[in-house]
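The values are calculated or read from the model by the stated rules, or taken from the named source; none is laboratory data. Not measured: the values here are computed from a predicted model. Because the Cβ atoms are built from the backbone with ideal geometry, glycine has one as well, and the counts that use them run over all protein chains shown. Note: accessible area is taken over every heavy atom of the protein model, side chains too, but ligands, DNA and RNA are not part of it. Shrake-Rupley method; radii C 1.70, N 1.55, O 1.52, S 1.80 Å.
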Amino acid sequence: MTTSQARERLLAAAVEQGMRGGIADLSLRELAATIGTSHRMLLYHFGSREGLLTAVARAVEDAQLAAVSEWGISSASASRLWQHFSDPQLWPAERLFFELYAHALLGRPGTEGFLDNAIEPWVTAITPAIAQEAALDDRTARAEARLAVAVTRGLLLDLLATGDRVAATEAFERYLHHVGPYVLAAGQPDQAGPPH
């Protein structure tokens, strides 16, 4: 097995553990034991506990971006995307994301580059759909995309803090209602409501 294959195998195991039972509260030794390796191997491949957690968060974010790209981004899919992101099965990954966000803001070792990838890939992914649906210029569409990311992240943080999915979903639907006349003017809002 090559070094990159070994790293990918360890990363996949850490992602699986993170989604199954969380990893943010585990020491590097505990995490290594949980995924069947040694803490030395994790240090070799990821440099530090924070480096491993950052790699896990990036892997989860990449998977979420891929899902969003596959489903498409439109006024009709906004409620479906919120239902996906607010699903309790994703809460461990979202807790890890926000924990690492805080660590990166504090400049903790191993989180270098985390902030560079926290917002821009999402804005870049969302902008074309907003520009096309609402017939907006790129600058305005990018600003709307950044607002959408900020609102979604803020409501996810609210959801994790309160556990009140009904209230967070209602707030998200209110956000869609407020931006609908401007951003989603060219499309039709999802008349079916959120999926169950």
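Quick notes on this one:
- Of all residues making up segment 21-38, the number that are part of a helix (DSSP H, G or I) and either free of Cβ contacts under 8 Å to residues at least 40 places away in the same chain or buried (at least 19 other Cβ atoms within 10 Å of the Cβ) (or both): 8
- Odd one out for Ser38, checked against (1) farther than 23 Å from Thr152 by Cα; (2) within 20 Å of the chain's Cα centre (by Cα): (2)
- Residue within segment 59-71 that is under 30 Å from Ala129 (Cα atoms), in a helix (DSSP H, G or I), without any contact (Cβ under 8 Å) to a residue 12 or more places away in the chain and open to solvent by less than 70 Å² (accessible area, probe 1.4 Å) present: yes
- Residues within segment 79-125 that are in contact with a Leu (Cβ under 9 Å, 6 or more places away or on another chain), without any contact (Cβ under 8 Å) to a residue 12 or more places away in the chain and not in a helix (DSSP H, G or I), tallied: 0
- Residue check, Met41 at pLDDT below 85 and part of a helix (DSSP H, G or I): no
- Segment 143-156, residues that are open to solvent by 70 Å² or more (accessible area, probe 1.4 Å) and either in contact with a helix residue (DSSP H, G or I) (Cβ under 6 Å, 6 or more places away or on another chain) or under 16 Å from Gln64 (Cβ atoms) (or both): Arg146
- Any hit, segment 167-180, residues being modelled with pLDDT under 85 and in a loop (DSSP other than H, G, I, E, B): yes
- Filtered residues of segment 133-142 (kept if surrounded by fewer than 16 Cβ atoms within 10 Å (Cβ to Cβ) and touching a residue at least 24 places away in the same chain (Cβ under 8 Å)): Ala135
- Residue check: Ala6 meets all listed conditions (1) farther than 20 Å from Glu120 by Cβ; (2) open to solvent by 20 Å² or more (accessible area, probe 1.4 Å) but one, namely (2).
- Annotation: Pro109 fulfils all but one of (1) under 18 Å from Val56 (Cα atoms); (2) touching an Asp or Glu at 6+ places or on another chain (Cβ under 9 Å); (3) at pLDDT 85 or above; (4) open to solvent by 40 Å² or more (accessible area, probe 1.4 Å); the unmet one is (3).
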